[in-house]
Amino acid sequence: MADERLIAALDFHTMEDVQKLVAELGDSVSYYKVGMELFYSVGAPVVTWLRQQGKDVFLDLKLHDIPNTAAGGICSLMRLGATMLNVHASGGYTMMKTAVDRMHAEADKMGIKCPKLIAVTVLTSINQEDWEGLGQAIQIKSAVVRYAKLAKKAGLDGVVASAQEAALIREACGDDFLIVTPGIRPAGSDTNDQSRVVTPAEALSNGASHLVVGRPIYAADNPVLAAENIIKEMENVK
Ligand code: C5P
């Protein structure tokens, strides 16, 4: 049975690939992530189709613009029926607060369930050299916690972060805060291009609320077995 803490990434660019994987995984997975590659090629119909299949959708489009524009974008995406949306925390407190306030007001007006809004802290691909090149003087880890606290203060539901930072964020932001973590690899599997990986059980123990898993499921010889093994490992950590 599905574990709603597991979000399978649909890193494809065609509807056929999406339908094939979702059909294959059936009831094993109930939550999917649609990112830029898929959304920019297929568009809104992929969200509508997933919702029709009864699936939850994390629309990972990482909005970053002036407050009025980001808030308008979030409201448009909300109308598609996504379960969770995100913006970059580096867009600032005012942008995050405007987006979340407008999203709540619009959901009330429409009489629909409001999606969750989370913030990307510091991209996990940013290394120390990139960071210093941006003129940043504080430690990346300190910035991650600072951005997470700012997202919470703005009224957002949580953050996307590395599972290695999840414990610090959990400590700073409390229990009632979503921490969505990519970079997950079951013990013994290929790390691909991810450099800082943790196992599903480690991520949950560190305080993650949701795990985003891409290649370990969709590129597996047997995706159903791969998902079920991950769920089994997750069940040992409540
Ligand atoms: O295949 P893999 O499990 O590495 O995929 C992880 C997914 O999470 C991909 O869709 C990737 O774009 C996304 N992601 C990530 N690191 C981030 C944010 C998102 O790997 N910091």
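The values are calculated or read from the model by the stated rules, or taken from the named source; none is laboratory data. Worth saying up front: this structure is predicted, and the values here are computed from it rather than measured. Every residue, glycine among them, receives a Cβ derived from its backbone with ideal geometry; neighbour counts consider all protein chains shown. Only protein heavy atoms, including side chains, enter the accessible area calculation; ligands, DNA and RNA are left aside. Shrake-Rupley method; radii C 1.70, N 1.55, O 1.52, S 1.80 Å.
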Solvent-accessible area, 1.4 Å probe, carbon plus sulfur percent, for the stretch 83-125:
54
Calculate the FRET efficiency for Met110 and Gln53 from the Cβ-Cβ distance with a Förster distance of 22 Å, rounded to the nearest 0.05.
0.50
Run the quick spin-label model on Lys153 and Arg196: label points 7 Å from Cα toward the beta carbon, then report their separation in nm to one decimal.
2.3
Taking only protein heavy atoms into account and a 1.4 Å probe, give the accessible area per residue of the stretch 179-238 in Å².
47
Please compute the alpha carbon radius of gyration of the chain, then divide it by the globular-protein estimate 2.2 N^0.38 Å. Two decimals is fine.
0.98
At 222 nm, what value in deg cm²/dmol follows for the chain if DSSP H runs of at least 4 each add -39500 (n - 2.57) and the sum is divided by all its residues, to the nearest 500?
-13500 deg cm²/dmol
Comparing Ala163, Ala154, Ala89, which has the greatest mean-square fluctuation in the GNM of the chain with Cα pairs linked when under 10 Å apart?
Ala154
How much net charge surrounds Asp17 when only the other residues with a Cβ under 12 Å from the Cβ of Asp17 are counted, with Lys and Arg +1 and Asp and Glu -1?
-3
Within the set Ser162, Ser30, Ser142, GNM on the chain using Cα springs under 10 Å gives the largest fluctuation to Ser142
Could you pull the accessible area for Glu132 with a 1.4 Å probe, rounded to 10 Å²?
110
